[in-house]
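What follows is a short report on a single structure.
Read-outs throughout are calculated quantities, based only on the coordinates presented, and are distinct from any laboratory measurement. Since this is a predicted model, take the numbers as computed values, not measurements. Every residue, glycine as well, gets a Cβ built from its backbone with ideal geometry; the counts of neighbours run over all protein chains shown.
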Amino acid sequence: MNTDILSDNLHKKFPAHFSERDPLLARLKNYSFKYSSPLLNRLPTTEGIHTLVGGQLLGKTTLLKQWIVRLLGAGVHAEAITFFSGKRIKNSDELIQLFQTQLTEKPTTRQYIIIDDINYIIDWNKAILWLATKACMQHAIIMLTSADSTLSNQIKQIHIDIKDENNLHIHPLSFRETVLLKHPHTIDLLKEFNCYLLHGGYLPAIYDVMTFGKISAKTFALYSDGIIKELLLHGKHTNFIREILTFIIQHYFVPVSFNGLVKELSIEHPKTIRDYLELLSIIDTLFIQSALIEDKLLPAPKKARKLIFTDPFVFHAIRAYVFDKGYSEVELTSLLKDSDLYTNLAKTCVISHFQRHYPTYYIKDEGEVDLVYVMKQRFWPIIISWMSQLRSKDIKQIVKYSNGRILTKTDQASLIENIRTESLLQVLWDGGRR
């Protein structure tokens, strides 16, 4: 086993002390809180190909290392578990050679094969297709990870059967998960919400804020460098990436069309812009929020879209990247004194929580509705009001719907023009579920 592969498989050399020897697991122990992802209980127990997808810095690799610890504790022999990092493997030929070295054709026990960041391997699909033809597959659990949320569809395209229940998607921690992680007993929801608008649901950022009162430049760079590498893997250009991300930051929550963006950017074709934005969406950096066709419950293809980051931390990390600087503690906190930005980050939180469970849209007609989610063949409209009082024009559209909701800063429910108001914090606490 070469040095790079050995460093990823310390469990084979130190099975009894793996959690202390592995750098990621050791770092996790240094956190002032103890976190175990609920996905740990959903990792596979049956043979076949499984996937774990999710954005940068969400802990996919750490989760897999925790899984190895659990497997060892359950009596799985260390030699039956093999971890490959896609970032250390050049192409499919090299991966196949590793398979041939590490795996026997007819294993006597179940094998666990983990290929982390498989999308970094050139023509990785050829190696997976090769593996699928081998007898060892009948006795193996294959776990593949990627920041690309379309991984399972790519596997299906090479005619390998992968069940929908075999695909896991890791998300940032929800507001409730974050609060309970930090303060399991005494909770000040408003104070915690203000913190969540800084660190979001990203564990390294949560640790930074709890420990240093701000998010470190290193944490920001780890995230932004990661997404830039993902985009470059797909043949995108650094200057276009920066230009698009800068535009999003400077026009946050403003509806835009792909054709309209051509006039704002140096990119000459709307399809090129669409490709960049859709890739940012695929790697869980961005939501592309379409307007709703109300009678069809489908996205309106000709209407402008809103470009929304998937978490407050992502907004801050991208802002730090496009302006080539980190945040001071004072500057980061002062952002929340900007009522428009504060409200937009609050909207980001609410939309991201609902988006995990339902298709989401917005409506813009006589007035605007910030969020519409579709459930049980019906759409449910929501206005998100945080810093400012609602004016008559703000509710002009939502009053048309009998099932409309208005989320506000106040704890007390009331009615505005027969539309029910609710506590935004309580809705977030409930996780964005109806």
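Data overview
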item	result
Binned Cα-Cα distance frequencies in the stretch 86-156 - 10 Å width, integer %	20, 56, 24, 1
Ratio Rg/Rh [Cα only; Rh per Kirkwood] for the stretch 315-423	1.03
Peptides ranked, highest mean first, by Cβ atoms within 10 Å: ranges 22-28, 155-161	22-28, 155-161
Using alpha-carbon coordinates, inclination of helix 92-102 to the longest axis of the chain, degrees	50 degrees
Cα pair distances exceeding 27 angstrom across the chain, given as percent	57 percent
Kirkwood estimate for the stretch 175-429, i.e. one over the average of 1/r between Cα atoms, Å	19.2 Å
Fluctuation leader among Gly55, Gly200, Gly86 - the chain, Gaussian network, Cα springs under 10 angstrom	Gly86
The stretch 382-397 versus the stretch 410-434: alpha-carbon centroid distance in Å	13 Å
Under Karplus coefficients 6.51, -1.76 and 1.60, residue-wise ³J(HN,Hα) of the stretch 336-343 in Hz, glycine/proline x	6, 8, 7, 4, 5, 5, 4, 5
Among beta bridges that DSSP assigns inside the chain, antiparallel share in %, nearest 5	40 percent
Alpha-carbon centroids, the stretch 251-329 and the stretch 91-166: separation in whole Å	33 Å
Compactness of the stretch 131-273, expressed as Rg and Dmax over alpha-carbon positions, Å	20.5, 56
Debye, to nearest 20: dipole size of the stretch 175-429, +1 on Lys, Arg Cβ, -1 on Asp, Glu Cβ	460 debye
Residue of Phe379, Phe14, Phe354 that the Gaussian network model of the chain assigns the largest fluctuation, springs spanning Cα pairs under 10 Å	Phe14
Tail weight of P(r) past 17 Å, computed on alpha-carbon pairs of the stretch 1-110, percent	60 percent
The stretch 71-121: radius of gyration over Cα atoms, expressed as a fraction of 2.2 N^0.38 Å	1.23
Value of relative contact order over the chain, rounded to a whole percent, pairs C-alpha under 8 Å and six or more apart	12 percent
222 nm mean residue ellipticity, helices alone, for the chain (DSSP H n ≥ 4; -39,500 (n - 2.57); rounded to 500)	-12000 deg cm²/dmol
